[in-house]
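See structure below.
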Amino acid sequence: MADPYNLSPEFERRLIVALADRPKLFGQVGANLNQQLLGLAACRLILRAVKAIAEDIGHGPSTATTVVQRIRGWVEDGKVSEADFRTATDLLLEGSDTPDEELASEIVPMLKRRAHADLVRSTIDSYARHGDVEELQREIQKVAGLGKRDETA
C-alpha cells in the first residue's frame, strides 16, 4: 500500500467535502485520489460515495445531498454504520467554501509527484516484460493532464 497523503485534517475535510458537489473539481483531482490514503475515516467514506456516484453517472455529483443518500443506502444495506453515516453527514453539512483553484493548487503537486513515481515504476516493469509502449504513453498523458482537465467528462 502507498504512503498516506498526510494532509492536514482541515484541508482534507475541505477538499473531500468540496468534491461532493463540484463535478469539475472531482474530474480535475478527485478522480485521482485514493480514499485509502486519506487520514479521516469520514473523508474516506465520502470519497468512496463520490467515486461510486461518478462511476454510475459519468461525473462527480453536483450536490452533497446525492452523496448523503448514497451513504444512507449503504447504511440500509448494512455496509456502513449509522454512526459513520452521521459523522460523514455532519462534515457534508458544514460545506466547503474554499475555492476550487486553492484546493487544486495544494493537492495537484503532491498527486503529480506520486503519479510520476508510479509511472517510473510502471515503465521499468513494462520494459522488463517487453510491455506495451502505447499503454505507457496513455499513462504519461494522464499524468501530464492531472489537475488540468476533467477526467470524468
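Pairs exceeding a 24 Å alpha-carbon distance, out of LYS79/LYS142; LYS24/LYS79; LYS24/LYS112: LYS79/LYS142; LYS24/LYS79.
Within 10 Å of each candidate Cβ there may be at most 13 other Cβ atoms; applying that plus a DSSP loop requirement, which trypsin sites (Lys or Arg not before Pro) in segment 56-130 survive?
Numbers: sites: ARG70, ARG72, LYS79, ARG86, LYS112, ARG113, ARG114, ARG121, ARG129; in loops: LYS79, ARG129.
Passing both the DSSP loop test and the Cβ count: LYS79, ARG129.
Computed over protein heavy atoms with a 1.4 Å probe, the accessible surface of segment 13-153 works out to 55 Å² per residue. For the chain, set up a Gaussian network in which alpha carbons nearer than 10 Å are linked by springs, and say which option among ARG13, ARG138, ARG44 fluctuates the most. Comparing ARG13, ARG138, ARG44 in the GNM, the peak value goes to ARG138. Local charge for PRO99 was computed over the other residues whose Cβ lies under 14 Å away, with Lys and Arg +1 and Asp and Glu -1, and equals -3. If R0 is taken as 41 Å, the Cβ-Cβ distance between ILE57 and ASN6 corresponds to a FRET efficiency of 0.85.
Please give the contour-minus-distance gain from GLU102 to ALA117: 0.36 nm per residue of separation, less the Cα-Cα distance, rounded to one decimal in nm.
Working: separation 15, 0.36 × 15 = 5.40 nm, distance 2.41 nm.
That pair, GLU102 and ALA117, stretches by 3.0 nm at full extension.
Who wins for biggest fluctuation among ALA49, ALA117, ALA104 in a Gaussian network model of the chain, springs between alpha carbons below 10 Å? Its mean-square fluctuation being the largest, the pick is ALA117.
List the relative contact order of the chain as a percent without decimals, with contacts defined as Cα pairs under 8 Å and 6+ residues apart. Across the chain, relative contact order equals 30 percent.
Given a 1.4 Å probe and the protein chains as shown, ASP84 ends up with an accessible area of around 80 Å².
Note on the chain: with a GNM built from Cα contacts shorter than 10 Å, the maximum mean-square fluctuation among GLY27, GLY58, GLY131 falls on GLY131. Over the chain, dividing the summed -39,500 (n - 2.57) contributions of all DSSP H runs of at least 4 residues by the number of residues returns a 222 nm mean residue ellipticity of -21500 deg cm²/dmol.
The values are calculated or read from the model by the stated rules, or taken from the named source; none is laboratory data. As the structure is a prediction and not an experimental result, all values here were calculated from the model. Quick reminder, even Gly has a Cβ in these numbers, built from the backbone with ideal geometry, and neighbours come from all protein chains shown. These accessible areas exclude ligands, DNA and RNA; they are computed on the full protein's heavy atoms, side chains included. Shrake-Rupley method; radii C 1.70, N 1.55, O 1.52, S 1.80 Å.
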